[in-house]
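Structure, as structure tokens:
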Amino acid sequence: MKLTLSDILAGVALLLALPVWGAAPNLQHHLIVPGHALYSPSFQDGVLCWGGFGEEGDLHDTIYCADVQDPFFPIFGWNMWVALNPVSTGMNLINDMNLVIRQDGVWLGYTTCVGAGLNGFVLENNKVCVSLSTDRARTWTKPVILVDGAWLPGATRGPDGHVWLFTNGTDFGEQTRRDCGPDGVTCGPPVSVFTPFFYYNMEVRWNADLGLYEMVAETFEGTDTDPDASAIDYLTSADGLIWGVGQEDLVRQPEPGWAITPAFSPDPHMLYVGESVDGKTTGVSAVVLPDVAPVALPVWW
């Protein structure tokens, strides 16, 4: 594709407008939700939700939410509640909640769900469910299965008002997107998402100021001593299907820890992540990203 002068000038303007995030070293990490295995945060309109279990020995992943009074203040100072209890909703596990607010103000909660009596470690038992809330995440409708053969949902409301649902497949981890319409529950067929590397736990949002979709997602960064290590990258896309990497290793916790399940925050220079420093327990952290280096130029496809 031949670039014109207007294309180049538009690219320079886009570069200047993109978030100025640095690489992984020297980040400020604030543990705000301590627990045994708590992760997969999602933020909307002053409410932070996350999933997992708080103490070793818990059998059922649960969804918790809290009013965010200060992004760096520990959860003990917040108004916290159990948003979705799997046992009371006929599930074995509910996790990976991703929040979207529809045009009519109804909240959508997309989750990974496993039916009662089923083993969540068997991938094909994992589905994508959806619940609705009309009181800012205080109470939710009973989760219903929305997509089979997929898990780890991420969703955003696009410029057309439609909700776009991103998932990984439970067979081979394939990355797909579905148009779920303005109501967020009438989903069309999956369409492949193209990225330079394989990603999972894709957190996506439409940035109206940039006119772009943004993504933060996990990618495998295994080493000889820690083959399961992961890092978090930042990507952008004009159409939500073809993505270019803006910054690799945006967040990476040194061994033996990990940084997983990223989520955008109200601060453009901060992410929420599930994080472990000891390789044993995981909590939700607020990670401040330094203003040191611009992201890479966008890719014209």
Failed condition for Leu108, given (1) under 16 Å from the mean Cα position of the chain (by Cα); (2) exposed (fewer than 13 other Cβ atoms within 10 Å of the Cβ): (2)
Those residues of region 126-141 which are closer than 18 Å to Cys49 by Cβ, in contact (Cβ under 8 Å) with a residue 12 or more places away in the chain and touching a Leu at 6+ places or on another chain (Cβ under 9 Å), in sequence order: Val128, Cys129, Val130, Ser131, Leu132, Ser133, Ala137, Trp140
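A quick yes/no check of all residues on (1) among the hydroxyl-bearing types (Ser, Thr, Tyr); (2) at pLDDT 90 or above:
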{"site": "Phe220", "(1), (2)": "no, no"}
{"site": "Asp224", "(1), (2)": "no, no"}
{"site": "Tyr234", "(1), (2)": "yes, yes"}
{"site": "Gly244", "(1), (2)": "no, yes"}
{"site": "Tyr272", "(1), (2)": "yes, yes"}
Matching residues in region 87-133 - criterion: being over 18 Å from Leu38 (Cβ atoms) and in a loop (DSSP other than H, G, I, E, B): Gly90, Arg102, Gln103, Asp104, Gly105, Val106, Ala116, Gly117, Leu118, Asn119, Phe121, Val122
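The values are calculated or read from the model by the stated rules, or taken from the named source; none is laboratory data. Bear in mind the structure is a predicted one, so any value in this text is a computation, not a measurement. No Cβ is skipped: glycine too gets one built from the backbone with ideal geometry, and neighbour counts run over all protein chains shown.
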